[in-house]
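A short reminder: the numbers here are calculations on the coordinates, not readings from a lab. Remember, it's a predicted structure, so these values are computed and weren't measured experimentally. Cβ coordinates were reconstructed from backbone atoms using ideal geometry, including for glycine residues, and neighbour counts include every protein chain displayed.
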Amino acid sequence: MGVAVMPARDYSVLICVYTEDRWDQICAAIQSVREQSLACTEIIVVVDYNRALYERLTAAMPDVTVVENTDAKGLSGARNTGSALARGEIIVFLDDDATADPDWLKFIDDSFANPAIIGVGGLTLPKWQTARPWWMPEEFYWVVGCNYLGMPASGAPVRNLLGGNMSFRREVFDVVDGFQAGIGRTTDKRPLGCEETDFCIRLAQRSPGTVLVMDHRAMVRHFVSDKRCRFSYFLSRCYAEGISKSQVTASVGSGDGLSNERAYATRTLPLGVLRGVTDVFRGHPSGLGRAGAIIAGLGMTAAGYVGVKMKTATAKPDQAPQFQTT
């Protein structure tokens, strides 16, 4: 590989980590950033309250800025810590279990050449540890942190970006006061999410005319463990997504918080069920599994959402959910 080209804009790439169990994946993620055809200004790795991992990374990665999370414990707090330290004009987020294609930053930079665009997301593809589950519908690839069937086309404006492959101009963080500490992944065993959805919606609410786009040329490969290929994980992740959506709507309102989800549930998913059933009649029995997974996934997501709303409605005023910002 040749010498990386220096971009017209400075890029800070942030990778948030929390467990030594992902050591090989963390190293691969960092190496993929080092090997970009367009060089970044800095790589910042934020360690979420794991001293042993912090010391190991500090010793092993002398060319990387390794810091400890000084904000609330969890992914939101780690992202806030890294964003506050970043020096780049553009702040880019990459998951600790994802690897970026060599031209990832180059294509992100291409999109940011348009001054109207303040946020860019890329195409996140699954990298299966085992074979893709026969029942897994592409409409639910968000369960494993990847782009899913039903998302807008490349170059089209979007409401929100996906957290494992997203970037923003620095000034965005002067408009939105960080990622919500009460939303998204924490030490809780439940696989919550949506902190980036909440962030993007609050950005649009505070800065009307905000333009976020997806550039599918900016690709990353997201590792999907065999554990996340189990149907039990699929159901638990869908249920957690419902909980997360209820948290988002409590923060930004149901109008904006569910604007995409309404079309997804009433158009994208019914079409997916229809395709699955049609495939059965074409001699592909796996279509029935995909159709069933879509129905089950939607049901579990709705159950998580409604469950939290019911608890909130019956809670005393001093027991209502509170979300922190930093």
What full-extension length gain, to one decimal in nm, is calculated for K73 and D177 as 0.36 nm per residue of separation minus the Cα-Cα distance? 35.8 nm
Would you please put 48-60, 139-151 in order of how densely packed they are, using the mean number of other Cβ atoms within 10 angstrom per residue and starting with the highest? 139-151, 48-60
Could you tell me the center-to-center distance, by alpha carbons, between the stretch 24-65 and the stretch 164-243 in angstrom? 21
Once the Cα gyration tensor of the chain is diagonalised, what are the square roots of 5 times its eigenvalues, in whole Å and ordered largest first, as equivalent ellipsoid semi-axes? 30, 24, 20
Put +1 on the Cβ of every Lys and Arg and -1 on every Asp and Glu Cβ in the chain; which of C229, Y11, V120 then has its Cα farthest towards the positive end of the dipole? C229
Plugging the Cβ-Cβ distance of L149 and S207 into 1/(1 + (r/R0)^6) at R0 = 22 Å yields, to the nearest 0.05, a FRET efficiency of 0.15
Would you calculate the volume per residue, in Å³, of the smallest convex hull containing every Cα atom of the stretch 126-238? 119
Report Rg/Rh for the stretch 39-197, rounded to two decimals, where Rg is the Cα radius of gyration and Rh the Kirkwood radius. 0.95
By how many nm would the segment from K227 to K311 lengthen if fully extended, with 0.36 nm per residue of separation less the alpha-carbon distance? 27.2 nm
Dipole moment magnitude, nearest 20 debye, the stretch 81-153 about Cα centre, only Lys, Arg, Asp, Glu C-beta charged: 60
Value of relative contact order over the chain, rounded to a whole percent, pairs C-alpha under 8 Å and six or more apart: 19
